[in-house]
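Peer 1: Got a structure here, written out as structure tokens. Questions coming.
The values are calculated or read from the model by the stated rules, or taken from the named source; none is laboratory data. This structure is a prediction, so every number in the text was calculated from the model and none was measured. Backbone-built Cβ (ideal geometry, glycine too); neighbour counts: all protein chains shown.
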Amino acid sequence: MSEAGDNGVKTPDPEETEAKSSVKGSSTVTPPETTITDAEDAEAAKEAKRQAAAEARAARAAAKAAAEAEAAPAEPKPPSPNQPRLELAAGLLKEAIGESALEEAYINELNGDVPSLIVKPEHIQAAAALFMRHESLGCNYLRNISGVDYETHMEVVYHLVNLATKHDYVLKVRLDREAPAVHSVTPLWATANWNEREIFDLLGVQFIGHPDLRRIMMSDDWVGHPLRKDYKPLDSEV
């Protein structure tokens with residue numbers, strides 16, 4: 001505490017002076033608590049928004065799943081109008097030749113819903129005769145025969161037509177690719193003659209019993225069969 005001297009002037013108290021100097025010279029600054037609090041609040045608000053968005057997405061997904069579960073199942077696709085003809089043909093073939101003669105029967109939806117039957121190669125003549133002569137089938141016209149190399153096997157496809165009813169059918173046989181051979185149907189349909197020669201020429205399929213099986217497009221001395229997937233021409237420019 002300051003004391004007055006003889007002349008009436010107060011003398012500073014050394015302790016008081018030291019305390020004031022200490023306070024005045026201090027450089028310590030209290031951090032602005034409000035700034036830290038505002039940043040934390042902003043981050044908390046962002047997190048809350050993210051959480052709310054995630055919950056909303058989950059709720060929408062759950063609602064969609066529930067709606068799909070409650071929705072009525074899709075109606076089964078109606079059978080092809082040609083299904084009865086397929087079943088009739090398959091039944092007649094099994095009855096006439098045997099159950100084992102038929103490998104598969106189906107409706108080819110990509111080709112006009114045509115009834116299609118795959119028979120074992122050894123039964124092709126009997127199957128073709130059945131389709132030609134049976135009054136319920138009456139396929140008196142062979143539109144075409146085509147051949148396909150599937151790399152795992154060869155396939156010969158017979159396109160049959162009943163000219164009176166305009167009904168068509170397809171018979172198929174699957175052949176061993178290394179030695180493809182099947183009996184000729186030329187005795188039944190004369191139109192098979194050139195079709196079988198073309199398949200022989202381009203794919204190498206042997207048609208047993210054909211009356212004149214020789215090349216029809218390539219020269220007789222041609223090496224190989226150009227439509228086989230493994231065909232390698234001797235002349236790269238051809």
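Condition check ((1) without any contact (Cβ under 8 Å) to a residue 12 or more places away in the chain; (2) not hydrophobic (A, V, I, L, M, F, W, C)) across all residues:
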residue: 46; (1), (2): yes, yes
residue: 50; (1), (2): yes, yes
residue: 62; (1), (2): yes, no
residue: 75; (1), (2): yes, yes
residue: 92; (1), (2): no, no
residue: 102; (1), (2): no, no
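Peer 1: State which residue is surrounded by the most Cβ atoms within 10 Å (Cβ to Cβ) when the search covers only segment 120-137 and only residues that are in contact with a helix residue (DSSP H, G or I) (Cβ under 8 Å, 6 or more places away or on another chain) and not aliphatic (A, V, I, L, M).
Peer 2: So the residue we want is 131.
Peer 1: In segment 141-192, what residues are of a type in the set (Ser, Thr, Tyr), assigned to a strand (DSSP E or B) and surrounded by fewer than 21 Cβ atoms within 10 Å (Cβ to Cβ)?
Peer 2: 141, 146, 169
Peer 1: In segment 64-107, which residue that is of a type in the set (D, E, K, R) and assigned to a helix (DSSP H, G or I) is nearest to residue 136 (Cα to Cα)?
Peer 2: The qualifying residue nearest to residue 136 (Cα to Cα) is 85.
Peer 1: From the list 116, 136, 100, pick out the single residue that is farther than 18 Å from residue 174 by Cβ and either among the polar types (S, T, N, Q) or within 34 Å of the chain's Cα centre (by Cα) (or both).
Peer 2: Being farther than 18 Å from residue 174 by Cβ and either among the polar types (S, T, N, Q) or within 34 Å of the chain's Cα centre (by Cα) (or both) holds for just one of 116, 136, 100, which is 136.
Peer 1: I'd like to check something: does segment 194-206 contain any residue that is surrounded by fewer than 18 Cβ atoms within 10 Å (Cβ to Cβ) and in contact with a helix residue (DSSP H, G or I) (Cβ under 9 Å, 6 or more places away or on another chain)?
Peer 2: yes
Peer 1: Moving on to the next point. Taking residue 97 as meeting all but one of (1) at pLDDT below 85; (2) in contact with a strand residue (DSSP E or B) (Cβ under 9 Å, 6 or more places away or on another chain), write down the number of the exception.
Peer 2: (1)
Peer 1: Quick check on segment 208-221. Is at least one of its residues buried (at least 20 other Cβ atoms within 10 Å of the Cβ) and either over 17 Å from residue 92 (Cβ atoms) or touching a residue at least 60 places away in the same chain (Cβ under 8 Å) (or both)?
Peer 2: no
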